[in-house]
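The values are calculated or read from the model by the stated rules, or taken from the named source; none is laboratory data. For clarity, every value in this text was computed on a predicted model and none was experimentally measured. Positions of Cβ are generated from backbone atoms using ideal geometry, with glycine treated the same way; all protein chains shown enter the neighbour counts. Quick note on the areas: whole protein, heavy atoms, side chains included, nothing else; ligands and nucleic acids left out. Shrake-Rupley method; radii C 1.70, N 1.55, O 1.52, S 1.80 Å.
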Amino acid sequence: MTKKILLRTLIILGNTMILIVLALYCIMWICVNGPSSRAKELFVMSVRETSAVKFLANIYCSADEIKEIEQKKNIDVTDFVDTSLINIDDEEETNHSIDDDKNNEDNENIIIQEDGIIVEKVYGSTFKGYMMSVKDPSRVMVGTSSNSYSSNVAGRKISEMIESYGAVAATNAGGFDDPNGIGNGGIPIGIVISEGELKYGSRNQKYNVIGINNENVLIVGNMTGQQAIDSGIRDAVSFGPILVINGQATEASQSGGLNPRTAIGQKADGTILLLVIDGRQSSSFGASYEDIADVMLRFGAVNAANLDGGSSSMMFYKGELLNSCASLSGPRNMPTCILVK
C-alpha cells in the first residue's frame, strides 16, 4: 500500500513538472515569436544578462538575432563628461547634513536620513528598489577584495569589505568572471582603480570606465587604463552600459531585459546616487536599462552608469542588507564594491 501511494505521488509530481516545463517553454516561445518585438528583446536580454541561464536565448533565437539585440547595449559613448556641469558644494554646504533638508519631511519613501545620507524606496511598473544619496562625494570609493587578484583567490562578500575598510554603506560594483554562475568572484572584468592605484587591468586597453576623479566628479566613458590614470581618476571599475551623459540619456540606455540592477550617478551639486533594484521575485521582476536611466534622471543625475547586476545587486547600510538578494545561496563573493566611508 505504501509503495503504491509513493508511486502515485511520484507520478503526479513528474507530470506536474512536465506541465510546468511545457508551460514555461510555451510562454518563452510566445515572447520570442509573438507580435511584440519588444517582448522578444526583453526575453533575450533578460536571460543573456545572466551567467547561469543565458543559453535559453539560443533555444529560440539564431546567433545573428542575438547579436543584433545585444549590439544595442554595446554602443560606444563618444561624448565626454562636461565636468563644468558638476558644481560641488563648498565645505560649509557639503558638511550640512541632508537629513536637515525640510523638503524631505513629507517623503514617505525615505527610510534612512542621517549623517549626510538618504535612502529611499523607488518603484516602477515591474520593480522596486532603493536609492541612496550621499551628499559628500569624497566619501565614495571603490573597495577591493584583494591587493593582487588571482583565480586561485576567491573574492569577498560586500559585508566583509565594509568591515575591512570601516565603511558605513556599500553596494556591489564592477563585473567579474562568472562561468555558469558559479564563479568565485576572484577575477574582475575590466579595470579596477582604488585610492589612486591601478589594481587590475591594462594601461593600453580600452574599457567602459565608471570612476570618480580627484575632484570628486563621476566620470563615465570609454577610455584606456592610461587615459583613466592621466585624467586623475582615483577610484573606478568597469561595466555598463553608460546610462546618462551630461544630463541626457544615452542610446544604449534604451535597451536591456528585466533583471536586478545596480547603478551609480551624480547630481549637479556633487551628490552621489547609488541605485539598487530587486529582481527575479514575484514582488519585483526587475528593471531594464531604460527604467534605471529614467530613475536616475528623475533624481537629478547629470551622469550615470550601470554597474554589475543580477544576483550581485545588493545595498548595505550599517551592517544591514536593505534589498532582497536574488541569489538563492545568499550574498556572493565579489572582487569590488562601492563603499561609503
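Tally the residues that are part of a strand (DSSP E or B) and more than 16 Å from the chain's Cα centre (by Cα), restricting the search to the range 124-137.
Result for the range 124-137: 1.
In the range 248-267, what count of residues is obtained for those that are surrounded by fewer than 24 Cβ atoms within 10 Å (Cβ to Cβ) and closer than 19 Å to Val134 by Cα?
The total comes to 1.
For the range 197-230, give me the residue count where each residue is on the phi > 0 side of the Ramachandran plot, at pLDDT below 95 and surrounded by fewer than 21 Cβ atoms within 10 Å (Cβ to Cβ).
So the answer is 0.
Search the range 233-262 for residues being out of contact with any Ser or Thr (no Cβ under 9 Å at 6 or more places or on another chain) and part of a strand (DSSP E or B), and hand back the single one that is farthest from Ser312 (Cα to Cα).
Gln248
Take Asp235 and tell me if it is of a type outside the set (Phe, Trp, Tyr) and open to solvent by 30 Å² or more (accessible area, probe 1.4 Å).
So Asp235 fails the test.
Of all residues in the range 141-154, count the ones that are of a type outside the set (Ser, Thr, Tyr), touching a Lys or Arg at 6+ places or on another chain (Cβ under 8 Å) and open to solvent by less than 30 Å² (accessible area, probe 1.4 Å).
1
Give me a count of the residues in the range 141-166 that are in a loop (DSSP other than H, G, I, E, B) and out of contact with any helix residue (DSSP H, G or I) (no Cβ under 8 Å at 6 or more places or on another chain).
12
Whether any residue in the range 268-276 is in a helix (DSSP H, G or I), open to solvent by less than 10 Å² (accessible area, probe 1.4 Å) and in contact with a strand residue (DSSP E or B) (Cβ under 6 Å, 6 or more places away or on another chain) is what I want to check.
No.
Could you tell me whether the range 281-288 includes any residue that is in a strand (DSSP E or B), without any contact (Cβ under 8 Å) to a residue 60 or more places away in the chain and open to solvent by 30 Å² or more (accessible area, probe 1.4 Å)?
Within the range 281-288, one or more residues are in a strand (DSSP E or B), without any contact (Cβ under 8 Å) to a residue 60 or more places away in the chain and open to solvent by 30 Å² or more (accessible area, probe 1.4 Å).
Tell me, which residue of the range 208-232 that is touching a helix residue (DSSP H, G or I) at 6+ places or on another chain (Cβ under 7 Å) and in a strand (DSSP E or B) is farthest from Tyr165 (Cα to Cα)?
My answer is Val209.
Go through (1) open to solvent by less than 40 Å² (accessible area, probe 1.4 Å); (2) assigned to a strand (DSSP E or B); (3) modelled with pLDDT under 95 for Ile193 and report which single condition fails.
If we test Ile193 against (1) open to solvent by less than 40 Å² (accessible area, probe 1.4 Å); (2) assigned to a strand (DSSP E or B); (3) modelled with pLDDT under 95, just (3) comes out false.
Looking at the range 293-306, is at least one residue basic (Lys, Arg), at negative phi and free of Cβ contacts under 8 Å to residues at least 24 places away in the same chain? So that I can check it myself, show each step before the final result.
Step one: of the range 293-306, the residues basic (Lys, Arg) are 298.
Narrowing the set further to residues that are at negative phi leaves 298.
Checking the rest, the ones that are also free of Cβ contacts under 8 Å to residues at least 24 places away in the same chain come to 298.
Yes.
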